[in-house]
Amino acid sequence: MNTTQLQAQEEQLTLLTFGHEEALQLGQTIIDLEKEDGVNVAVHIEKNRIPVFTYLMEGTPEENYMWLFRKKRVTDHYQLSSHFIAKRFEESGLSHDTDSLLPARNASDPRERCRDDWYGVSRRLSTGD
């Protein structure tokens with residue numbers, strides 16, 4: 001899919017109303033579908049930047065949890081899906097990971113500070129982070 005197709009799809013999928021009950025139903029539907037397919041997923045749904053549904057299936061690694069917040073930062077920053085942004089960079093011959101000004105991590109986000117605590121000082125020293 002190119003960005004024109006993705007933008008049309010995003011417009012088509014935009015909801016006029018979305019509450020906590022709908023978030024619960026959507027999250028549960030995603031989980032049920034992925035269980036049928038035998039896939040472990042992490043699901044995080046927010047409304048106005050407030051988490052209303054989060055679920056990590058059994059066996060989901062910590063990296064998937066961190067990946068959710070990386071995608072969230074991109075979406076919050078651009079107000080478009082992270083998939084659309086990645087495709088837009090790709091169509092320009094660039095990569096969001098290396099060519100955007102949005103950092104891979106947000107040091108002001110308490111979840112990211114917790115991430116540093118999880119990995120510890122030795123990781124930062126050994127990787128130069």
Taking the simple approach of a point 7 Å from Cα along Cα-to-Cβ for both Asp32 and Glu46, what is their distance in nm?
-> 2.7
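Quick one: net charge around Gln28, please, counting Lys, Arg +1 and Asp, Glu -1 for every other residue with C-beta under 14 Å from its C-beta.
Summing Lys/Arg as +1 and Asp/Glu as -1 gives -4.
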Compute from the Cα atoms of segment 12-86 the Rg and the Dmax, the latter being the longest Cα-Cα distance, and quote both in angstrom.
-> 12.8, 35
Under 15 Å from the Leu15 label point (7 Å along Cα→beta-carbon), backbone N, segment 34-55 = 43-55
Pulled fully out, how much extra length does the chain show between Trp67 and Asn2, if you take 0.36 nm times their separation in residues and subtract their Cα-Cα distance?
-> 21.1 nm
Rg in Å to one decimal, and Dmax rounded to a whole Å, for segment 1-47 via C-alpha atoms | 13.2, 33
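Computed from the coordinates by the stated procedures, all read-outs in this text should not be read as laboratory data. Since the structure is predicted, the reported quantities are computational estimates derived from the model, not experimental observations. With ideal geometry, Cβ positions are generated from the backbone for all residues, glycine too; neighbour counts draw on all protein chains shown.
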